[in-house]
Amino acid sequence: MAATISFLSSPANVTAINTKAWTRRLKPSTLLFSKTTRRRRSFITSLNKEEENKKVERLWKWGCEKGGAVAPAVRAEMVETPHFGLGLVAKRSLSQNQVVLEVPKKLWINSDTVAASEIGRVCGGLKPWISVALFIITEEKKKNGSPWCPYLDILPQKLDSPLYWSEEELTEIQGTQLLSTTLGVKEYVQSEFSKVEEEIILPNKHLFPSMTVDDFLWAFGILRSRAFSQLRGKDLVLVPLADLINHSCNVNTEDVAWQIKGSGLFSRELVFSLRTPLPVNAGEQVFIQYDLKKSNAELALDYGFIEPNLGRDAYSLTLEIPESDPFFGDKLDIAESNGFGETAYFNLLLDCGLPEGMLPYLRLAALGGTDAFLLESIFRNTVWGHLELPVSQPNEEFICKAVADACRSALSLYRTTIEEDEELLKKGKLELRLEIAVGVRLGEKKVLNQILKTFEDRGKEVEGLEYYQERRLKDLGLVGEQGEIIFWES
Ligand SMILES: C[S@@+](CC[C@H](N)C(=O)[O-])C[C@H]1O[C@@H](n2cnc3c(N)ncnc32)[C@H](O)[C@@H]1O
């Protein structure tokens, strides 16, 4: 068969990362994830709780008394679950959808805030996240000299996304898509920092404090973990106080959690209004659902935690029609007419079937030899329908083998087996970062095994499948009940 399928295992939107070269540099170690993280947390609990509480009190005063936020039903508190940090706790029993907190626009931090600040005139053309990142770093370094200090003071300095893991810690996600995404994102943030440093920071030294790429990466993580999921991109905004709300898997809707609405005379002032999606008893924490669509790897990258929930295990397949394919132009035209491109990304989830369009895309990419007639223009309107079903035995055998081989190769890159990971989880009490690493790599392997089994099983059935030519003869009434060819005698 002339056609080839390029089957890449790197996830969507991360390109040009040499994961293999990087992972070779990571040495496996048995001494990873010492007890430091948790010990540090309990240390903070006993010694600094009072100081943390003071910071929270100052934040609340700043937001409510000076800033005009209204918190009829919640207070901010140090909580120990779902993690050790801040959360919003109900002051009284709340019914579903009840407003718990309202934050006026003057407390939000977005591109408008930056534009109105002293760095605003040099940040005009920047992407919103970059200008907000520069703003929070600049203000944070002013300490008490910044009007935003009470808010910036409660932002965590240590984040648990793999973006902040040591090389040793990253060995635990060797072979995973999470590792390649992490490296890709770090590379992206680094290159954005280099650009902004050269074009904005250095030429305007009097406006900016000295700033490192680590400061910039920290600000990036703060924005990823604290901006509400629909308030990103060009609408990026940090909403102090409201961003203290934690996530719970028990909340199964993202709707109703918040709303931006007008308030004040003639509703001219915008407020961010936070609601509780579930009824809550007095003294209990109010939670929302951060993002139902995120896989565990994406949750880990953005928020530094994962969920035990099965629906979060995913593996993203990248398929490609290579430019070297002799039928590249026709294949690309067909792919594009059906909503795909030269490269197509398919997100596979545990216990779910293959995503729509994956089989036709695979068959199209592999099409060649005697099946190539389907690429002719007279089939252009119907070819996708034909590709939804098996085209020919060689084509079906080819895609089954290509996908199964790619899965085996991806599986061989992990350091541990499914059984070893399950054993570790059974023992329990893993450090947070190790728990993330084990959960993500286990989930990815399970999904890869599921894809492998699907295509191995399919590969064993290719002889019994019905292909294009038989379907065509049947449509023309040229095949009998038993599959025999019907001849007419003249
Ligand atoms: C929007 S902030 C919430 C406020 C945060 N708890 C704090 O102390 O500032 C999001 C961060 O809270 C933590 N978090 C929220 N929900 C969590 C959960 N269900 N499990 C673990 N950590 C969670 C994570 O560190 C996440 O990055």
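A few comments on the model shown:
- Among the conditions (1) within 20 Å of Ser111 (Cβ to Cβ); (2) not in a loop (DSSP other than H, G, I, E, B), the only one that Leu207 does not satisfy is (2).
- Single match in Glu423, Glu470 (criterion: out of contact with any helix residue (DSSP H, G or I) (no Cβ under 7 Å at 6 or more places or on another chain), in a helix (DSSP H, G or I) and either within 27 Å of Leu178 (Cβ to Cβ) or at pLDDT 95 or above (or both)): Glu423
- Residues considered: Gly124, Gly120. Of these, the only one that is modelled with pLDDT under 95, surrounded by fewer than 21 Cβ atoms within 10 Å (Cβ to Cβ) and out of contact with any Pro (no Cβ under 7 Å at 6 or more places or on another chain) is Gly124.
- Residue match in the range 350-360 (condition: in contact (Cβ under 8 Å) with a residue 24 or more places away in the chain, touching a helix residue (DSSP H, G or I) at 6+ places or on another chain (Cβ under 8 Å), part of a helix (DSSP H, G or I) and assigned by TED's automatic domain parsing to the domain that holds Lys446): yes
- Residues satisfying the stated conditions in the range 246-261, i.e. under 14 Å from Leu274 (Cα atoms), among the hydrophobic types (A, V, I, L, M, F, W, C) and either surrounded by fewer than 20 Cβ atoms within 10 Å (Cβ to Cβ) or near the ligand (Cβ under 9 Å from one of its atoms) (or both): Val256, Ile260
- Pick from the range 101-131, criterion within 28 Å of the chain's Cα centre (by Cα) and among the aliphatic types (A, V, I, L, M), ranking: farthest from the ligand (Cβ to nearest atom): Leu126
- Residue within the range 227-245 that is within 13 Å of the ligand (Cβ to nearest atom), at positive phi and modelled with pLDDT of 95 or more present: yes
- Residues (more than 12 Å from the ligand (Cβ to nearest atom) and either in contact with a helix residue (DSSP H, G or I) (Cβ under 8 Å, 6 or more places away or on another chain) or of a type in the set (Val, Ile, Thr) (or both)) located in the range 297-311: Ala297
- Hits in the range 74-88 (condition: part of a strand (DSSP E or B) and either within 12 Å of the ligand (Cβ to nearest atom) or surrounded by fewer than 20 Cβ atoms within 10 Å (Cβ to Cβ) (or both)): Arg75, Ala76, Glu77, Met78, Val79, Gly85, Leu86, Gly87, Leu88
- Scanning the range 278-289 for residues that are farther than 23 Å from Gly63 by Cα, surrounded by fewer than 22 Cβ atoms within 10 Å (Cβ to Cβ) and within 16 Å of the ligand (Cβ to nearest atom) yields Leu278, Gln289.
The values are calculated or read from the model by the stated rules, or taken from the named source; none is laboratory data. Note that the coordinates shown come from a computational prediction; the quantities given were computed from them, not determined experimentally. Don't worry about glycine lacking a Cβ; one is built from the backbone with ideal geometry, like all the others, and counts go over all protein chains shown.
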